[in-house]
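So the structure is just underneath, and the comments pick up after that.
What follows is calculated from the coordinates using simple rules that are stated; it is not laboratory data. What you see is a predicted model, and the numbers here were worked out from it, not measured in a lab. No Cβ is skipped: glycine too gets one built from the backbone with ideal geometry, and neighbour counts run over all protein chains shown.
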Amino acid sequence: MNAPADRMENPPAAAYDAGGVWALVVCLCGVALAAGLGALAAGSGWRAQLAETNFQSNMIRLADYRHGPRPHAVLIGTSLSGRLLPGYFREAGMEVANLGLDGAMVVTGMEIALSRPDPALVWLVETRTLGQEAGANDAQLLAALDDFSFWLGARFPALQASARPSSILYTRMKAAKDRRTGGRPGAAPASPGTSAPVASPVDTSFPPATERVLAQARAAGVRVIFVHLPDGRRVADSQPPAHAIAAAEARGFGWLDVPKLMSEAGVETAYTDGLHLAAPAAANAARLIAQELRSDAGRP
Amino acid sequence: MLFNSWVFLAFLAVVFALYYGVIGRLPWRGMAQVLFLVAASLVFYAYENPWLLILLGTSLLINGLGTRLLISESPGQGQRRRVLAALVILNLAGIAFFKYASLLANTLLPGTALDGLLPMLHDIPLPIGISFYTFEGLSIVIDAYQRRVKGFEPFRQDIREGKEWRFQSRIWLFMTFFPHLVAGPIVRAHDFVHQIGHKRLREIDWAGAVRCLITGFFLKMVCADNLKEATALIDPPHFEGLSSLTLLALLYGFSFQIFADFAGYSLIAMGLARLFGYQFCINFNFPYLSASLTEFWTRWHISLSTWLRDYLYIPLGGSRRGAARTYVNLFLVMFLGGLWHGAAWSYAVWGTAHGIGLAVERALRGPDGRPKPRAGGGLKRWLGIFITFNVVSLLWLLFKLPDFSDVLAYVKALGRGTGGIAPQTAYLLAVFSAPVILYHAWGGAGAFRERVRQRAGTRVIRLVEGVLLAVLLFLILTNSGSPGAFIYFQF
């Protein structure tokens, strides 16, 4: 082995004259910048709605739900639900929070929804991963709720995920791209009708953790509505999962088939990546869900 | 206890306040400060698992008493040699049992003998920091045996004055000082011991400490912790469906992540040490500016590479015993250096691959093996930097994917030639790799920097640096990634 370069000694302390004042000013400026961003975010609503990582996207939704005012309804689900931003519902005249968690399971979203002392009155529960059990990502999210940083974020908006400069930039770039391209149309199914409802008896049970949270929600007076969202197909080809329909009926929950609503309204889906709704289609879906909620449809 | 946790921040605040505000005002404050730092370091170490103190305490005891024996004048050379051999064996036995027992059993024992043994071996916990404090223990006993090392005068003075406790407390602080205890840098006794003494608040190098801390926390919390969200895609089975372009971008991203993670840790350690009046040698010197693997190992994890050079390569004969022996030494040192990182053959292969690279470069350089003087810039150097970065990045796969079949599958997928990258991944990698690239660009622009410094003057430079550090602090506060442990904690 060749000898590494001479070990470099750190500069002597004497070289840093008046270093203490300089260091203090540097730190104060850094904190002041962060406080300025917080004030800007709080005052102008200049905040991120999406983030470049799944974890931060989820933290934005968690913080909005936990720290914000009590919403009328909450949409709980996966990244498919995550595209139906609260702003789209607001434009349709309804306050719907979003707990569409990237890379996490619906059961975790429901647990988080219940973690508020005054949970939303209506839960729109996406059916896609409803029967699946929580994993490592879910544990990380639940741990983040108990972290001191999350508590601090409630008091200092600059420390929330929605104030991350890189996420604000990402949200703006993504919105601009969505406006420019409008998304891609849904794909034809590989084997049409494979997930159509079946006549034979269907198992309506869920894993114990899901059953427990649903029971707690019911006990808390929450109205639960299962929601089937577009999942990469054209609306006319989309088939709601028989298991979820049967489970909703068995429990007396409501049921919303969004692709069907879109099809009836003559609205076509468009996707960014073949699975997630592009912004215009997501806004349409949110509008139709809001209309249904207002008309009290979906009530069993 | 993680440096990037709230618990550590509280710990640091309390220790700092007591160190200068209370302990530093006692009548026997020099010794008291040392013992207090040792106690605080043990609390830091034992926070997650107090049982680990037994192992660390044993190491302190063995190396403390052993160094005392070796440094004194009374025993003869034969006895000293036996003492050194015993100390080396004891140090290595500890790390062999706790870190390599499972690997050794898997490799050396027949399958049937493993049935009852393996579950037990797998249950042996890996004591955090054992690789680091074992190497520090070895360095102090070998230095003491050799007697020729500079910087040991404080030890000899303690012995002359009969101050055994002061002697031992110096060794304890050297081995346990919490900034370097769990993930280095691997401090050497002759760099550290002479610094031990009474420290005053007014003597703190605040500018240096803040510079190291902000840069270190930025590299770790903003760059590495955000990049890790993207590089998680390297893990199987996620990488299997990705395009070649994405795989290449992820590979580069992981290179930047591992640098930001470990160099960040080292800088934080340096900054923390300065808060308590101590200085560590630098551990990273812009490693991705290396134009060869030989140069890379003079810039990456410098405290490890110099340790391996001084305590393994040179004692093995270095390059003084002919070409064949030199190559064998290179292989052996890099093989063991690879295994030091973890108890898996992938680490050994990683080290050996670097060893092969070093040997090839040495062979190409000619009979004397000395590096030819390089020009500061030029196309050849840039080409060297590009090739070295790609080789180093490719070899990091062995760190990320312990299973060889996954490494081969990844490399095969890299060669598929399919294009396209998801915008989210591209954005994530570009935004959080950029600071690491700029950091290296800054490091590579030494002559330009010096010209600017001369023209603008120290005051302007300090102003610009202050603004830059304030922005980095702002980003630490607002743009950190999901908190995670340091990659080198597992070693």
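Using only alpha carbon pairs under 8 Å that are at least six residues apart, calculate the relative contact order of chain B and give it in whole percent.
Details: 600 pairs, mean separation 92.6, N = 491.
This gives 19 percent for chain B.
Looking at B:ALA413, B:LEU463, B:ILE387, which one has the Cα that reaches farthest to the positive end of the dipole of the range B:372-491 (charges on Cβ: Lys, Arg +1; Asp, Glu -1)?
My answer, from the dipole projection, is B:LEU463.
Take the alpha carbon gyration tensor of the range B:213-350, find the square roots of its eigenvalues, order them as a ≥ b ≥ c, and report rounded if a/c is under 1.5; if not, report prolate when a/b exceeds b/c, else oblate. Intermediate results must be reported in sequence, preceding the final value.
Numbers: a/c = 2.38, a/b = 1.22, b/c = 1.95.
It is oblate, given that a/c is not under 1.5 and a/b is not larger than b/c.
Going through the DSSP H helices of chain B, which span 20 Å or more along their own axis at the Cα atoms while scoring at least -0.5 as a mean Kyte-Doolittle hydropathy?
B:6-21, B:29-46, B:52-71, B:77-108, B:130-146, B:244-275, B:323-341, B:345-365, B:379-400, B:423-444, B:458-478
Give me the net charge of B:ARG449's neighbourhood, meaning all other residues with Cβ under 12 Å from the Cβ of B:ARG449; Lys, Arg count +1, Asp, Glu -1.
So the environment of B:ARG449 carries a net charge of +1.
Which value, in debye to the nearest 20, gives the size of the charge dipole of the protein assembly as shown about its Cα centre, when Lys and Arg are +1 and Asp and Glu are -1 at the Cβ?
Charge dipole of the protein assembly as shown: 2920 debye, to the nearest 20.
Evaluate the charge dipole of the range B:257-375 about its Cα centre and quote only its size in Debye, nearest 20, assuming +1 on the Cβ of each Lys and Arg and -1 on the Cβ of each Asp and Glu. Mind dumping the intermediate values first?
Values: 11 positive and 5 negative charges, 87 e Å.
Roughly 420 debye, rounded to the nearest 20.
With a/c under 1.5 counting as rounded, go ahead and sort the range B:411-463 into rounded, prolate or oblate using the C-alpha gyration tensor (a ≥ b ≥ c being the square roots of the eigenvalues; past the cut-off, prolate if a/b is larger than b/c, else oblate).
prolate
Students often check this: by mean Cβ neighbours within 10 Å, which of A:168-176, B:336-344, B:181-189 ranks highest, and how do the rest follow?
Sorting A:168-176, B:336-344, B:181-189 by mean packing, highest first, produces B:181-189, B:336-344, A:168-176.
Neighbouring Cβ atoms within 10 Å as the yardstick, rank B:LEU438, B:LEU173, A:LEU145, B:LEU233 fewest first.
Ascending number of Cβ neighbours within 10 Å: B:LEU438, A:LEU145, B:LEU233, B:LEU173.
Given an 8 Å cut-off on Cα distances and at least 6 residues of separation, report the relative contact order of the range A:75-143 as a percent.
Once divided by the residue count of the range A:75-143, the mean separation gives 38 percent.
So how far, in whole Å, is the C-alpha centre of the range B:126-159 from the one of the range B:411-429?
Rounded to whole Å, the Cα centres lie 47 Å apart.
Rounded, prolate or oblate: which one fits the range B:256-336, using the alpha carbon gyration tensor with axes a ≥ b ≥ c (rounded when a/c is under 1.5, else prolate when a/b beats b/c, else oblate)?
Since a/c reaches 1.5 and a/b is larger than b/c, the shape of the range B:256-336 is classed as prolate.
Kindly rank A:69-77, B:48-56 from highest to lowest mean number of other beta carbons found within 10 Å of each residue.
A:69-77, B:48-56
Please get the size of the charge dipole for the range A:45-158, origin at its Cα centre, with Cβ charges of +1 on Lys and Arg and -1 on Asp and Glu, quoted in debye to the nearest 20. Working shown, then result.
Numbers: 9 positive and 12 negative charges, 63 e Å.
Here the size comes out at about 300 debye.
Given B:GLY78, B:PHE3, A:LEU229, which one lies farthest toward the positive end of the charge dipole of the protein assembly as shown, if we put +1 on the Cβ of every Lys and Arg and -1 on the Cβ of every Asp and Glu?
It is B:GLY78, whose Cα lies furthest towards the positive end.
Identify the trypsin sites (Lys or Arg not before Pro) of the range B:279-321 meeting these criteria: DSSP loop state and at most 12 other C-beta atoms within 10 Å of the C-beta.
Here the trypsin sites (Lys or Arg not before Pro) that fit, given the DSSP loop and packing criteria, are B:ARG320, B:ARG321.
What is the range B:1-155's relative contact order, in percent, from Cα pairs under 8 angstrom and six or more apart in sequence?
Working: 86 pairs, mean separation 35.2, N = 155.
Relative CO of the range B:1-155 lands at 23 percent.
Sum -39500 (n - 2.57) across every DSSP H segment of at least 4 residues in chain B, then divide by the residue count to get the 222 nm mean residue ellipticity, nearest 500.
Helix contribution divided over all residues of chain B: -22000 deg cm²/dmol.
Can you tally the net charge around B:PRO236? Count Lys and Arg as +1, Asp and Glu as -1, for every other residue whose Cβ sits under 12 Å from the Cβ of B:PRO236.
Computed value for this residue: -3.
May I ask you to sort B:MET120, A:MET59, B:MET1 by Cβ crowding, counting other Cβ atoms within 10 Å and putting the fewest first?
Going from sparsest to densest Cβ surroundings: B:MET120, B:MET1, A:MET59.
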